[in-house]
Every structure is written in structure tokens, then in C-alpha cells.
Amino acid sequence: MTAPLEGIRVLEVASWLAVPSCAALMADMGAQVIKVEPPGGDAYRRLFAGLMEDDEFVAPSYQFDNRGKRGVCVNLEHPDGQALVTDLARDVDIFITNLTYPRLQRYQLTDEHIHQVSPRAVYAVLAGYGTRGPDSDRQAFDQSAFWARSGAMSIFGDHDDGPLISRGGYGDRTTALNLLSAILAALRVRDRTGEGQYVEVTLQRTGIWALASDVNSALYDRTQPVKTSRREPPNPIWNAYRTADDRWLVMIMPMPLAYWPKFCHAISREQWIDDPRFQSIAGLRDNGVELVGEIQSMFASQPLAHWREVLDGAGLIWEPVAELPEVVEDPVLREAGAFAMVVHPRGGALEIVGTPFHIRDADVAVRGPAPDAGEHTQTVFAEAGLSQERIEQLLAEGVIS
């Protein structure tokens with residue numbers, strides 16, 4: 001089988017999650033990815049070492065975002081370091097970064113600089129809010145740009161509680177897929193025209209894309225959506241309920257009048273079918289508090305296993321709220337090959353999340369562990385034509401490590 005990106009060379013000058021995660025997916029598809037880190041390594045790498053108080057700790061999450069790459073450490077504050085990275089960029093197909101625009105200018109790694117030495121490259125940059133606008137140099141993480149400033153944080157959660165904090169990396173890895181799609185499209189344009197391309201993706205814009213149903217409504221009427229409440233939902237069979245064994249299930253039946261009779265039969269509440277209070281969407285909504293209380297009491301009377309039989313037997317749309325130990329053993333995910341194994345020299349065999357898509361008759365797979373900081377520095381620069389004497393001089397001067 002052919003790897004979709006076999007022969008494609010990628011230079012990654014980035015840290016943390018979104019860009020490295022995107023580059024990892026390109027490595028899964030056969031691209032040759034060189035990861036450029038500062039001396040001491042990516043800040044994300046150092047975060048795990050600090051949290052574990054162990055410089056040798058092999059973090060599964062870092063392995064996930066950086067699998068299959070080769071790694072070099074270069075001091076971009078040194079002019080020689082800037083020249084080395086520029087030289088590496090001469091033969092790449094894709095240059096990918098998340099440095100702020102002022103830093104890209106300082107390091108001479110803007111798209112103008114890279115296209116001077118590699119005119120056919122796809123230059124891809126991820127920013128929090130954009131590279132040339134009023135917040136081009138504003139630091140951003142996914143929880144600030146993707147979650148908070150997209151508006152998502154303002155509408156998630158019960159209306160009685162404060163805003164929810166998202167899980168780390170949730171917006172980054174969503175953005176990585178957006179960035180990957182843009183790069184692959186730009187690569188096709190490059191191959192058709194022979195001209196280098198520029199790609200820009202932001203965490204904030206990806207956030208509003210993910211929230212587009214609500215953002216489109218705000219564009220229409222300029223109003224803030226009302227937070228939903230589990231106790232007062234507009235549709236009581238589009239809601240979450242707790243079972244007797246302290247598990248949760250969620251029912252998703254967006255057309256309540258179509259599903260209401262079937263639901264009532266399933267839970268042996270046939271008297272509700274003809275109850276005048278529940279004959280319209282407005283009636284279900286207006287009587288929602290009372291109805292939710294009764295449904296909750298019913299679900300609390302039996303364990304999840306009981307309700308699984310009842311709801312599946314009736315052909316209703318629902319799912320248990322899965323806990324992560326269940327997710328990683330889910331037979332559907334196992335059958336689909338959702339997880340992959342990497343073998344690290346120190347950490348041994350580590351199971352991580354695999355590529356989130358499948359291409360029939362194509363070689364798409366995790367190809368190895370993440371590199372240690374600077375693991376391939378000497379090899380990569382020797383392949384780039386530097387003599388061993390020059391490499392040793394750069395090492396001694398702290399330009400590479």
C-alpha cells in the first residue's frame with residue numbers, strides 16, 4: 001500500500017499541541033517530519049517532566065502529538081540558528097509553525113522569508129487570533145481562544161452554574177484537523193500550479209466553526225442563547241438522566257412528537273401519550289420541569305443495564321455517558337483500530353490514540369514514538385551537508401543541542 005504523503009517533507013517549528021498534532025497526522029500518512037525545538041525541548045515536553053518531577057518521564061500525550069517525527073534542537077535567538085532552520089526549509093514541501101508573527105519576523109521565518117528559499121512550499125501558520133490583526137502577538141491557548149473567545153464558554157453548562165472550563169487540548173486537536181485539511185488543499189493547489197501557498201488557521205475561527213449553529217443564530221438576531229438546564233430542558237427526551245447505579249444516560253430525540261409515543265410505551269407510561277399536557281412541543285416544554293422530575297425518578301429506580309435493554313429494545317436514540325476506562329475498551333473503537341502502540345526506548349510499549357480516519361488501500365498508521373529532545377540533531381544536520389567539525393562547533397556554541 002502507498003502512504004498518501006510519501007515523499008512529502010515537513011518542517012515543524014512549533015510547540016504545545018495544535019500544530020504538532022497536525023504534523024503527527026501527516027507523519028501517520030507517510031510524510032517525513034522534522035520537529036524543531038528550542039534547547040531543552042518543547043515547553044509541552046517540559047511541562048510533563050515538571051509535573052512528574054522526572055526529566056525522563058515519557059508522557060503518552062506528548063507521544064501522541066509527536067509520534068513518527070525526527071527531532072532537532074536549535075537556538076533561534078542565535079543568527080546561526082536562524083540560518084540553519086532556513087537551510088532546512090530549502091527542500092521542504094510544507095513549513096508549519098505557531099510562532100507569533102513578531103517572533104517569525106525576528107527569526108526571519110515569515111512566509112516571505114521561507115518562500116524566498118523554497119518557492120514551492122506550502123507555508124502554514126496557526127495563530128490564536130490571526131497573524132496581522134490587532135491581536136497578532138497576543139498569546140493564546142485553546143481554552144482562551146477556541147473556548148472562551150469563540151463564545152463557547154458562555155453557553156456551555158447549566159444556567160445555575162458558572163462557565164465550564166474545557167479539557168486541555170480539546171480545541172487544539174479540533175484545530176489540528178482544520179489545519180490539516182487546509183494544508184492538504186493547499187498542497188493540491190501547489191501541485192497543480194507549481195506555486196507556493198500560504199495557509200492561515202486560527203483557534204478562534206475554528207471555535208466559531210465548531211459552534212456555528214449558535215453563531216449563525218447570533219449573526220441573525222444578535223442575541224445570546226439561553227443556557228440549557230437539565231432540570232428545565234425545552235425537550236425532556238433530549239436530556240441526561242441518572243440511573244440507580246449512579247450512572248448517566250443521555251437521550252437524543254430532537255423531534256419529540258415523533259418519538260414520544262414510542263418512549264412512553266417503552267417505559268410503561270402509556271397514559272402520557274394522550275395526556276393533553278404533552279400533545280405539543282410547547283406542552284412538553286411548558287410542563288418540562290414536572291415531566292423531567294418524573295422521568296428522573298423512573299430512571300433512578302433501575303440500573304443502567306436495565307435501561308439499556310428497555311431503550312435499545314424500543315429503538316430509541318440514546319447512549320450511556322461513557323467513562324474513559326469504558327471508552328478505551330469499547331469494542332467498536334477496538335474493531336476500528338482507534339488505538340495504536342508505540343515502543344519507546346525508555347517508556348516501553350505505550351498505547352495511544354491512533355489516526356482518526358481510515359483510507360482504504362492506503363498506508364496510514366502511527367510509525368514510531370516521538371523523538372527525544374534533540375535526538376536527531378546531528379543526523380539531520382549531517383544529512384543537510386554540515387561537516388562533523390561544523391556540527392561540533394555549533395554544539396559547543398549552544399546554537400544546536
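For the structure I just gave you, tell me whether residue 201 is farther than 22 Å from residue 170 by Cα, assigned by TED's automatic domain parsing to the domain that holds residue 90, β-branched (Val, Ile, Thr) and not in a loop (DSSP other than H, G, I, E, B). The answer is no for residue 201.
Only residues that are touching a His at 6+ places or on another chain (Cβ under 8 Å) and closer than 20 Å to residue 18 by Cβ: list them for region 71-103, please.
71
From the list 190, 231, exactly one residue is in a loop (DSSP other than H, G, I, E, B) and among the basic types (Lys, Arg). Which is it? When all the criteria are applied, what remains is 231.
Candidates 338, 365: the one that is surrounded by 11 or more Cβ atoms within 10 Å (Cβ to Cβ) and free of Cβ contacts under 8 Å to residues at least 40 places away in the same chain is 338. Please verify whether region 175-183 includes one or more residues that are crowded, with 19+ Cβ neighbours inside 10 Å, β-branched (Val, Ile, Thr), under 30 Å from residue 320 (Cα atoms) and outside the structural domain of residue 286 (by TED's automatic domain parsing). Scanning region 175-183, I find at least one residue that is crowded, with 19+ Cβ neighbours inside 10 Å, β-branched (Val, Ile, Thr), under 30 Å from residue 320 (Cα atoms) and outside the structural domain of residue 286 (by TED's automatic domain parsing), so the answer is yes. Once region 71-94 is narrowed to residues that are among the hydrophobic types (A, V, I, L, M, F, W, C) and over 30 Å from the mean Cα position of the chain (by Cα), the residue that is surrounded by the fewest Cβ atoms within 10 Å (Cβ to Cβ) is 83. Based on this model, can you work out whether residue 132 counts as exposed (fewer than 14 other Cβ atoms within 10 Å of the Cβ) and either within 29 Å of residue 106 (Cα to Cα) or not assigned by TED's automatic domain parsing to the domain that holds residue 16 (or both)? Judged against the criteria, residue 132 is a match.
When we screen 207, 157 for residues that are in a helix (DSSP H, G or I) and surrounded by 13 or more Cβ atoms within 10 Å (Cβ to Cβ), the only hit is 207. Identify the residue in region 112-129 that is touching a residue at least 24 places away in the same chain (Cβ under 8 Å) and surrounded by fewer than 22 Cβ atoms within 10 Å (Cβ to Cβ) and, among all such residues, is nearest to residue 189 (Cα to Cα). Restricting to residues being touching a residue at least 24 places away in the same chain (Cβ under 8 Å) and surrounded by fewer than 22 Cβ atoms within 10 Å (Cβ to Cβ), the top hit is 120.
Here residue 378 clears all of (1) free of Cβ contacts under 8 Å to residues at least 40 places away in the same chain; (2) surrounded by 14 or more Cβ atoms within 10 Å (Cβ to Cβ); (3) in contact with an Asp or Glu (Cβ under 8 Å, 6 or more places away or on another chain) except the condition numbered (3). Restricted to region 63-140, the set of helices (runs of 4 or more DSSP H) holding at least 3 residues that are modelled with pLDDT of 95 or more and not aliphatic (A, V, I, L, M) comprises 79-88, 111-117. Against the definition (basic (Lys, Arg), over 28 Å from residue 318 (Cβ atoms) and within 25 Å of the chain's Cα centre (by Cα)), how does residue 205 come out, yes or no? Yes: the conditions hold for residue 205.
When each of 188, 167, 247 is tested for being over 30 Å from residue 297 (Cβ atoms), charged (D, E, K, R) and at pLDDT 95 or above, the lone residue that passes is 188.
Quick check on my filter: what residues within region 242-276 are assigned to a loop (DSSP other than H, G, I, E, B), within 37 Å of the chain's Cα centre (by Cα) and small (Gly, Ala, Ser)? Within region 242-276, 244 is the sole residue that qualifies. Of the listed requirements (1) in contact (Cβ under 8 Å) with a residue 24 or more places away in the chain; (2) among the aliphatic types (A, V, I, L, M); (3) not in a helix (DSSP H, G or I), residue 165 misses just one: (1). In region 142-154, the qualifying residues are those that are part of a loop (DSSP other than H, G, I, E, B) and small (Gly, Ala, Ser), and the one that is surrounded by the fewest Cβ atoms within 10 Å (Cβ to Cβ) is 151. Do you know which residues across region 275-298 are under 16 Å from residue 249 (Cα atoms) and of a type in the set (D, E, K, R)? The one that is under 16 Å from residue 249 (Cα atoms) and of a type in the set (D, E, K, R): 294.
Filter region 1-44 down to the residues that are part of a helix (DSSP H, G or I) and either at pLDDT below 95 or touching a Ser or Thr at 6+ places or on another chain (Cβ under 6 Å) (or both) and list them by number.
18, 28, 43, 44
The values are calculated or read from the model by the stated rules, or taken from the named source; none is laboratory data. In this text, all values refer to a predicted model and were calculated from it rather than measured experimentally. All Cβ positions, even for glycine, are placed from backbone atoms using ideal geometry, and neighbour counts span all protein chains on display.
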